[in-house]
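Reviewing the structure listed below.
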Amino acid sequence: MATPPPIPFDNAFADIQAATRRHRAQHGCGAYTFEDGPALIRLARTRLPKRVLELGTALGYTACCLAHGSPLVQVDTIEGDPEHVTLARAQIARYNLSSRVTVHHGQFDAVLSRLSPGYDLAFFDGFAPPLDIILRMRHLLNDDGVLVCSNLQLAGGSDAQLLAAELANPKHWQRLDPIEGGRTAVLAKRPSSV
Ligand SMILES: C[S@@+](CC[C@H](N)C(=O)[O-])C[C@H]1O[C@@H](n2cnc3c(N)ncnc32)[C@H](O)[C@@H]1O
């Protein structure tokens, strides 16, 4: 087996991020890579989740960041584009993380229905977050589990207003400091919400 590349401390997996940018330029797809992997690593290091759910794998950059931050974590990450799934599995294997990161191929709603609750951290990094998907992620989170939600600025229409109301509901969520320069919300699930 090939020796995995060394993981630099500050911007771990920057090579996967760069590969994702190159892939998007050639593929013309929606694989916009997350801009603040170090913040995800810090979040995982602080909270030490044992189970992480990710929606939107692309080439595996953020899944690897989350796995790197929490040594015992199992990451379930969902991706609908078959080419992204193949490329992500190869990147994850290159870093010897295949035993801790599972790439599920399918649409978010279909794969979510096969997963069982008990996640400590859930990261939405698809395109605009749909309300029904965020509600299902809340259901899959443990009490005090953390929801990280990117791309809120892409949500539009009445769904966006309902989503904003949901995330602002103090009975469901406690707002924590955002990441990615304020573009990505971080919220803790209130224990009493289901
Ligand atoms: C913004 S990219 C994810 C970037 C990745 N987290 C990273 O930082 O490199 C969004 C990904 O979600 C996938 N995607 C978007 N909507 C989806 C859906 N409804 N079901 C499954 N995959 C979806 C896209 O194919 C794309 O690869």
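Key figures for this structure:
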{"read-out": "Matching residues in region 73-90 - criterion: being more than 10 Å from the ligand (Cβ to nearest atom) and either open to solvent by 60 Å² or more (accessible area, probe 1.4 Å) or not in a strand (DSSP E or B) (or both)", "value": "VAL73, GLN74, THR86, ARG89, ALA90"}
{"read-out": "From the options LEU147, LEU163, LEU121, LEU131, residue that is more than 28 Å from THR20 (Cα to Cα), surrounded by 15 or more Cβ atoms within 10 Å (Cβ to Cβ) and either within 13 Å of the ligand (Cβ to nearest atom) or not assigned by TED's automatic domain parsing to the domain that holds THR77 (or both)", "value": "LEU163"}
{"read-out": "Scope region 134-144; condition open to solvent by 30 Å² or more (accessible area, probe 1.4 Å) and touching a residue at least 40 places away in the same chain (Cβ under 8 Å); matching residues", "value": "HIS139, ASN142, ASP143, ASP144"}
{"read-out": "So ASN96, is it modelled with pLDDT under 95 and in contact with a Pro (Cβ under 8 Å, 6 or more places away or on another chain)", "value": "no"}
{"read-out": "Residue tally, condition at pLDDT 95 or above and surrounded by fewer than 14 Cβ atoms within 10 Å (Cβ to Cβ), over region 1-20", "value": "1"}
{"read-out": "Number of the condition not met by LEU59 [criteria: (1) within 9 Å of the ligand (Cβ to nearest atom); (2) more than 27 Å from LEU135 (Cβ to Cβ); (3) part of a helix (DSSP H, G or I)]", "value": "(3)"}
{"read-out": "Of residues in region 91-118 being in a helix (DSSP H, G or I) and open to solvent by 10 Å² or more (accessible area, probe 1.4 Å), the one farthest from the ligand (Cβ to nearest atom)", "value": "ALA93"}
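The values are calculated or read from the model by the stated rules, or taken from the named source; none is laboratory data. Just so we're clear, the structure is a prediction, and the values are computed from it rather than from any experiment. In this analysis, Cβ positions are derived from the backbone assuming ideal geometry, glycine residues included, and neighbour counts consider all displayed protein chains. The area values use the complete protein model at the heavy-atom level, side chains included, leaving out ligands, DNA and RNA. Shrake-Rupley method; radii C 1.70, N 1.55, O 1.52, S 1.80 Å.
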